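The next block holds one structure in the form of structure tokens; read it before the comments.
Every number here is computed from the coordinates shown, using simple stated rules; none is lab data. Everything numeric in this text was worked out from a predicted model, so none of it was measured. A quick note on method: Cβ atoms are made from the backbone with ideal geometry, for glycine too, and the neighbour counts reach across all protein chains shown.
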Amino acid sequence: MRPARALIDLDALRSNFRLARELGGGRKTLAAVKADAYGHGAVACARALDGEADAFGVACIEEALELRAAGISGPILLLEGFFDADELPLIVQHKLWFAVAAPWQVDAVEAFQTDATLQIWLKLDSGMHRLGLAPAEFRAAHARLSALPQVAPMVLMSHMARADELDSPRTREQADLFAATIEGLAGETSLCNSPALLGWPDVRSDWVRPGLMLYGANPLAAHNAYTERLRPVMTMQSKIFATREIAAGEPVGYGARFVAERPTRVGVVALGYADGYPQFAPNGTPVQIDGQPGHLIGRVSMDMLTVDLTDLPQAGVGSTVTLWGDAPRLDVLAPLCKVSAYQLPCAVKRVARVLSGG
């Protein structure tokens, strides 16, 4: 059996969730488990947080229905709302919450006849300019939806575009615009994502929405006392299944990107870019080999990658190689590979997940 595996530490997930709740001041906390919990397994992660999270956030109704089929009965929010009015009966059937972020969605809710209670999160575009109602139309939409007997008191939400940039004024500008737009409107608020929780302690809301931080990666460019408490949830590992000796001047892998400057012992690892590891990770990218520091050499292949074993005489066939986890951490590895810490775990596939702490 191929040895590539992703070890998922559910105790670490719960620890990170509790940190998010603490940073939010004990406020209601929605756990973002969209995109299969950022590659960590949505069902397993939701089950681990069931009873702690006040709600779960997903991108679409397909993700919500997977959680319902797995027995998750608590609130699930469709963060992008519905993509077609035909989804509204399913939303009612499965008791889902949903965002309303476009004028046509307001129209669709008004036209939808139901005796059920609809829980809506009304989204303001405060500067992200992706989804959300413009400030000039937000209050009118709030009035229209509030007038409908089937609509429960709404949550008023927006999304931060640059909260991971602690020197940018944009976060403060968005928070101020949000506060001014919703002044006097009834409803709880939701504004804080992971970087806002970790880096902007004076920006808070009734509901907080941690995402990346739940999985133990730091979304900020630097560390602080809070990011140091994050615990990696996923450890990506595989094993060396072949070794070879090459002479100085010999290349390794596609494109001869690595050429040995000395006699080199090469370890071939059963994991590649088809499993989610960055294809163009540079020579020298750190790994752990049997718990010792090591590094990548050569271009990553679809199913394999190669590491330098020259200074690790104890390592060989069967040695465990850790690609990310406690060392190297996702937020250290990602910039070296010119990708984001969000992208790496989301790209994981074809790798068996092994759960602990369930």
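Annotation for the stretch 259-358: chymotrypsin sites (Phe, Trp or Tyr not before Pro) lying in DSSP loop with at most 16 further Cβ atoms inside 10 Å of their Cβ are 280. Annotation: amide H-H contacts under 5 Å for residue 189 (H modelled 1.01 Å from N, sequence separation of 5 or more, or interchain): 156, 206, 207. The eigenvalues of the Cα gyration tensor, multiplied by 5 and square-rooted, give the chain an equivalent ellipsoid with semi-axes of 44, 21, 17 Å from largest to smallest. Of all aspartates and glutamates in the structure, those lying under 13 Å Cα to Cα from residue 95, and not within fewer than 8 positions of it along the same chain, are 87, 115.
Does anyone have the angle between helix 135-146 and the longest principal axis of the chain? Alpha-carbon axes, 0 to 90°, nearest 10? Its long axis makes an angle of about 60 degrees.
Calculate the translational D of the stretch 10-219 in whole µm² s⁻¹ from Stokes-Einstein, where the hydrodynamic radius comes from the Kirkwood formula applied to all Cα pairs, the temperature is 25 °C and the viscosity 0.890 mPa s.
142
Each of 83, 241 was scored by other Cβ atoms within 10 Å of its Cβ. Arranged with the fewest first, they read 83, 241. Dividing the Cα radius of gyration of the stretch 234-356 by its Kirkwood radius returns 0.94 for Rg/Rh. Report summary: the helix-based calculation at 222 nm, which adds -39500 (n - 2.57) for every DSSP H run with n ≥ 4 and divides by the residues of the chain, gives -7000 deg cm²/dmol.
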